[in-house]
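S.K.: Okay, handing you the structure first.
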Amino acid sequence: MTIRENNLHVTNTLTRRREKFDPLAPPASADSPGEADGPHVGMYVCGPTVYGDAHLGHAKSYISFDVIVRYLRYLGYSVTYVQNITDVGHLTDDADAGEDKVEKAARAKKVHPMQIAEQFTRRYFEDMDALNVLRPDISPRASGHILEQIEHTRKLIERGHAYEANGSVYFDVASWPAYGRLSRRSVEEMLAGARVEVSAEKRHPADFALWKRAEPGHTMRWPSPWGPGYPGWHIECTVMGQKYLGETFDIHGGGIENVFPHHEDEIAQAEAATGKPFVKYWLHNNMVTVGGQKMGKSLGNFLTLRDAFAKWPPMVIRLFILQSHYRSPTDFSEEALEAARSGFERLGGAAAAIEKAAAGAPEGPADGKVGELVEGVRRRFAEAMDDDFNTPLVLSALFDLARDSNRLVSASGLGKGSLEILAATLAELAGDVLGLKFEATAGAADTQIAAALVQILIAMRAEARKAKDFKQADAIRSRLAEAGILLEDTPDGTTWRLK
Ligand SMILES: [Zn+2]
C-alpha cells in the first residue's frame, strides 16, 4: 500500500517545533511488523494506572491518540500501537514517595492488588469500547515485564548510570548531562518546582527509583539481584516501549502532566542504556478542566466516564473531546456537552437524511455540485488533519458538509450516485477517522430514557420521605439497588450511579 499524499506536521515537545512527520526508515528485516502493508510507524502511549474508573481526562488522552492512529492508518501507514497497563509501581507521589496506587486501593477493599488491577483494566476497556476507541495492538502489563525491567536496571548499573542503595536502585541523574532536555528544566529548577523526597539513600535529590525495595507488608514484590522489590513507574514504560517497538521508535504520547518527571526519566533510562535516541516525536495532550481548573478527584470536580455516560451518549462525549485541539485544554460544562449533543445530532441527522433519500432515489451519476462540495470538504479535512491533527477545524468542515448536504437532499432530485458520494464521505471522514458512530444513537436514546426513569423514581422516593412513608422510600432504594443502580444522598440532593 502506498501513502496517501499528505503534508502531515506534528508538534514535537522534544524540539518545541512543528515538524514534518517523517517516520524512521521501515525496518529492513523480513520479520519486521507491517512492512508489507505500508511504511511502519511505532507508537507508544502511556496507559492508565488501573486502580479506579476512567474519567473524562482519560477520554481526552485516549480519544486524541485514537484519532492520531486512525489518521496515520488512513494515510497508509502500518501502525503498531502499544499502550501499557500500569498495574504496579505508580506511587501516589511522583518523587518516589507515597504508596503504590493499586496496592492502596486493594488494601481499602481488602482484596489482592491484582484483583483491583484486573477489575479496573476490564472496566477501562469497556469504557473505551463505548467511546469507539480502537484497542491498541499490544496492551502490555507492567507486572508481566518484571524480568525485562530488572535486566534494564542491571544494564544501567553496569554502565555507571544507576546505583544500588539499601535494596533500592536509583538512576544517577548527575551521570546523564542530557537530563532535562524534554522538559527544558535544569536540575535546580526541577528541585525547586517538585516535591522531592529527602532521602538518605539518594546521592542527589533528583535521582529517581528504577527499583524499590519492598517494605514488610507490601504485597506486590518480586525477587531481584537487590532483594525483594518492585519496579519504578518510569522504567516500565521505557522497557515495554523498547521491547515491542525497538530501541528507537517514532511516536511516544501521553498527557502533558507526564512530561516531567515521567517522560524525562523514560528518555534518560532508555538513552543511557542504549546510547541511541529513544523517540523521534513526543506528542502530549492537554487536560480536561472545569471552569479553568484541572479536573481531579481531590478538587471534587471529577466525573467518571460511567457517570458521564448516564447523561450523555458516549459518541456525544467523543465529539465534545474532538471539538478542542488535543494540545489545548478541554473545558467541561453541562452546556458544552449539550452543544456537543446537538452537533452530533446534526451530523447524524444528515447521515440519516442521505440514507432515507437513497432508498427512493433514481439511478444516475454524481451531480457536479455534489462533487464540488465533497472535494472542498476533503481538502479542508486533509489540511486540518495535516496541521497537527486539528480536529476542531475538521468538525467545522463536517458541519458545513451536513448543512449543504441537507439543503441538496431536501431540494430533491439527487441521484443515487450523488447520495452515495455524500454517504461515503461522511462515513470515511467522520466515521473511520474521527471514530464517530451514528448508528449508536439508538442505544443512546435508550440510555437517556433509562436516566429519565431513574430521575422519576428518585423524585417519588423524595416525596415518600417527605410524607414520612419510609417503607416506600426504602423499597424504591433497595429495588433500584437490585437492578444495579445505587442512590447516594448528598447535601445537594440525590445522585445515582451504576453499581
Ligand atoms: Zn508511561
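Where a number appears in this text, it was derived from the coordinates with a stated rule and is not lab data. Since this is a predicted model, take the numbers as computed values, not measurements. Counting neighbours? That spans all protein chains shown, and the Cβs are built from the backbone with ideal geometry, glycine included.
S.K.: Can you tell me the orientation of helix 470-482 relative to the chain, as the angle in degrees between its alpha-carbon axis and the longest Cα principal axis, to the nearest 10?
M.R.: Its long axis makes an angle of about 80 degrees.
S.K.: On full extension of the chain, what length is gained from residue 379 through residue 424, given 0.36 nm per residue of separation minus the C-alpha to C-alpha distance?
M.R.: Length difference between fully extended and current span is 14.7 nm.
S.K.: Amide H of residue 211 versus every other amide H placed in the peptide plane: which residues, excluding those fewer than 5 positions away on the same chain, fall under 5 Å?
M.R.: Here 169, 232 satisfy the definition.
S.K.: Under 16 Å between alpha carbons, and skipping anything fewer than 8 positions from residue 101 in its own chain: which lysines qualify?
M.R.: 109, 110, 212, 297
S.K.: Would you mind getting me the FRET efficiency between residue 352 and residue 396? Use the beta-carbon distance for r and R0 = 22 Å, nearest 0.05.
M.R.: So, using R0 = 22 Å, E works out to roughly 0.60.
S.K.: Let me ask another. Which aspartates and glutamates have a Cα less than 19 Å from the Cα of residue 294, not counting those fewer than 8 places away in the same chain?
M.R.: Qualifying aspartates and glutamates at Cα under 19 Å: 53, 93, 94, 257, 307, 331, 334, 335.
S.K.: Please list, short to long, the whole-number percent of alpha-carbon pairs of the stretch 33-140 in consecutive 5 angstrom bins beginning at zero.
M.R.: 2, 12, 19, 20, 16, 13, 9, 5, 3, 1
S.K.: Still on this structure: Each residue of the stretch 395-408 in order: what ³J(HN,Hα) in whole Hz does its phi give by Karplus 6.51 cos²θ - 1.76 cosθ + 1.60, θ = phi - 60°, with x for Gly and Pro?
M.R.: Couplings: 5, 5, 5, 6, 5, 5, 4, 4, 4, 5, 5, 4, 4, 5 Hz.
S.K.: Give me 333, 175, 61 sorted ascending by neighbouring Cβ count inside 10 Å, so fewest comes first. Intermediate values should be presented prior to the final figure.
M.R.: Numbers: 333 11, 175 18, 61 28.
With the fewest neighbours first, 333, 175, 61 line up as 333, 175, 61.
S.K.: Now for a separate question. Test of understanding: ordering 143, 405, 186 by Cβ neighbours within 10 Å, fewest first, what list do you get?
M.R.: Values: 143 21, 405 29, 186 12.
If I rank by nearby Cβ atoms, fewest first, I get 186, 143, 405.
S.K.: Once phi is turned into ³J(HN,Hα) by the Karplus curve 6.51 cos²θ - 1.76 cosθ + 1.60 with θ = phi - 60°, what whole-Hz value does each residue of the stretch 260-266 show in order, with x for glycine and proline?
M.R.: Karplus-based 3J(HN,Hα) across the stretch 260-266 equals 9, x, 4, 6, 4, 5, 4 Hz.
S.K.: On a full-extension model of 0.36 nm per residue, what is the gain between residue 104 and residue 492, subtracting their alpha-carbon distance, rounded to one decimal in nm?
M.R.: 136.7 nm
S.K.: If you don't mind, there's one more thing I want to ask. Helix 113-130 versus the longest principal axis of the chain: what is the Cα-based angle in degrees, 0 to 90, to the nearest 10?
M.R.: So the helix axis and the longest Cα principal axis differ by about 30 degrees.
S.K.: If I stretch the segment between residue 410 and residue 2 completely, what's the gain in nm (0.36 nm per residue apart, minus their alpha carbon distance), one decimal?
M.R.: So the extension gain works out to 143.0 nm.
S.K.: What are the ³J(HN,Hα) values, in whole Hz, obtained from phi via the Karplus relation 6.51 cos²θ - 1.76 cosθ + 1.60 with θ = phi - 60°, for each residue of the stretch 51-59 in sequence order, with x given for Gly and Pro?
M.R.: Taking θ as phi minus 60°, the curve returns 10, x, 6, 5, 10, 4, x, 5, 4 Hz for the stretch 51-59.
S.K.: Check which residues have an amide H placed less than 5 Å from residue 85's amide H, if you skip close sequence neighbours.
M.R.: 141, 142
S.K.: Another question about this same structure. Only counting other Cβ atoms within 10 Å, I'd like 260, 399 sorted with the fewest neighbours first.
M.R.: Values: 260 19, 399 14.
In order of increasing Cβ crowding within 10 Å: 399, 260.
S.K.: Greater than 25 Å separation of Cα atoms is the criterion. Which listed pairs, 60/155; 369/416; 243/276; 311/466; 60/311; 60/280, meet it?
M.R.: Numbers: 60/155 36 Å; 369/416 14 Å; 243/276 15 Å; 311/466 27 Å; 60/311 18 Å; 60/280 23 Å.
Beyond 25 Å between Cα atoms: 60/155; 311/466.
S.K.: When the helix-only estimate is applied to the chain (DSSP H runs of n ≥ 4, each -39,500 (n - 2.57), divided by the residue count), what is the mean residue ellipticity at 222 nm, nearest 500 deg cm²/dmol?
M.R.: Here the helix-only value at 222 nm equals -14500 deg cm²/dmol.
S.K.: Kindly rank 380-387, 456-463 from highest to lowest mean number of other beta carbons found within 10 Å of each residue. The partial results should precede the final answer.
M.R.: Working: 380-387: 19.4, 456-463: 14.9.
Result, highest mean first: 380-387, 456-463.
S.K.: Collect residues whose amide H, placed 1.01 Å from N in the peptide plane, falls under 5 Å from the amide H of residue 55; neighbours closer than 5 in sequence don't count.
M.R.: 305
S.K.: Okay, next question. Provide Rg over Rh for the stretch 154-288; use the alpha carbon set for both Rg and the Kirkwood Rh (inverse mean inverse pair distance). All intermediate terms of the calculation are to be shown ahead of the outcome.
M.R.: Numbers: Rg = 14.9 Å, Rh = 15.6 Å.
We get a ratio of 0.96 for the stretch 154-288.
S.K.: Here's something else I'd like to know. On a C-alpha basis, how far is the centre of the stretch 316-392 from the centre of the stretch 134-210 in Å? Whole number, if you could?
M.R.: Answer, in whole Å: 44.
S.K.: Another one. What would the Debye equation give as log₁₀ I(q)/I(0) for the chain at q = 0.06 Å⁻¹, counting only Cα atoms as equal point scatterers?
M.R.: Values, matching the q order: -0.34.
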